[in-house]
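The values are calculated or read from the model by the stated rules, or taken from the named source; none is laboratory data. All of these numbers come straight from a predicted model, not from anything done at the bench. With ideal geometry, Cβ positions are generated from the backbone for all residues, glycine too; neighbour counts draw on all protein chains shown. Just so you know, the surface numbers come from the protein's heavy atoms only, side chains and all, with ligands and any DNA or RNA stripped out. Shrake-Rupley method; radii C 1.70, N 1.55, O 1.52, S 1.80 Å.
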Amino acid sequence: VFLVLFAFVIIYFMRNKKVPGLKPAGPVETLQDKTLRMLNELETKQLWQKNQVKEYYVELTDIVRNYIEARFDTPTLELTTDEILTKVQSTKELHKHYELLSVILYTADLAKFAKAQPTPLEHTDTMDRAKQFVDTTRPVIAPTTGSTEQTNPIGK
C-alpha cells in the first residue's frame, strides 16, 4: 500500500510540475542610467517652476544620496550635509567631487531649511551638477587583455 501510494505521489507531482515561465531578458539598466533617468524625470516634473522648491530639492538630494550609497557603498541617507562632505573628503574616489557635491547639497539645504528661493539659473545649475556627478563617477571597465599572439588557421 505504501509503495503504491508513494508511486502515485511521485507520478502526480511529475505530471503536474509547473514549468517556470521564462521572462524575456531585457537590457539591464545600470545604476548610472537609472539615476540619470530619475533626475530627468524630476526635471520634467517642473516642481520648482510650480513653486514647489522644497519638494524639488528633497527629491534631488534623495536621488544623489541614494546614488552615492549604492555606487560607493557609503551610507548617506541618515547623514547631514556636513557629515556627507566629511566622508567625501576622506574617501579617495569621492574626494575629487567634493566641490560639485558641496554646491548641490548646500543649495538644497538652503532651499529646504532656510526657505531660500534659488534663482532659475541656480536650479538648472544644481541639476546639471547632479547629472555631471553621476556621469563622471561611472565605473571604468578595463578591457580584458588576452594573449597578443594570433593563431594561424592554416597551421604553417
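Some points to look at:
- Given charges at beta-carbon only (K, R positive; D, E negative), |dipole| of region 93-132 in Debye: 120
- Most to least packed among 4-14, 93-103, 58-68 [average Cβ atoms within 10 Å]: 58-68, 93-103, 4-14
- Take each peptide in 114-122, 77-85, count the other Cβ atoms within 10 Å of every residue, and average; sorted highest first, the result is 77-85, 114-122.
- FRET efficiency, D73 to D128 (Cβ-Cβ, R0 30 Å, nearest 0.05): 0.70
- Measuring between alpha carbons in the structure, the pairs from K50/K112; K54/K96; K54/K87 lying more than 20 angstrom apart are K54/K96; K54/K87.
- Formal net charge of residues neighbouring F113 (Cβ-Cβ distance under 14 Å; K, R +1; D, E -1): 0
- Solvent-accessible heavy-atom area per residue, rounded to whole Å², over region 1-144 at 1.4 Å: 71
- Accessible surface ranking for R71, R15, 1.4 angstrom probe, highest first: R15, R71.
- Spacing of the two label points (7 Å from each Cα toward its C-beta) at D62 and V103, in nm: 2.5
- In units of the rule-of-thumb radius 2.2 N^0.38 Å, region 33-76 shows an alpha carbon radius of gyration of 1.22.
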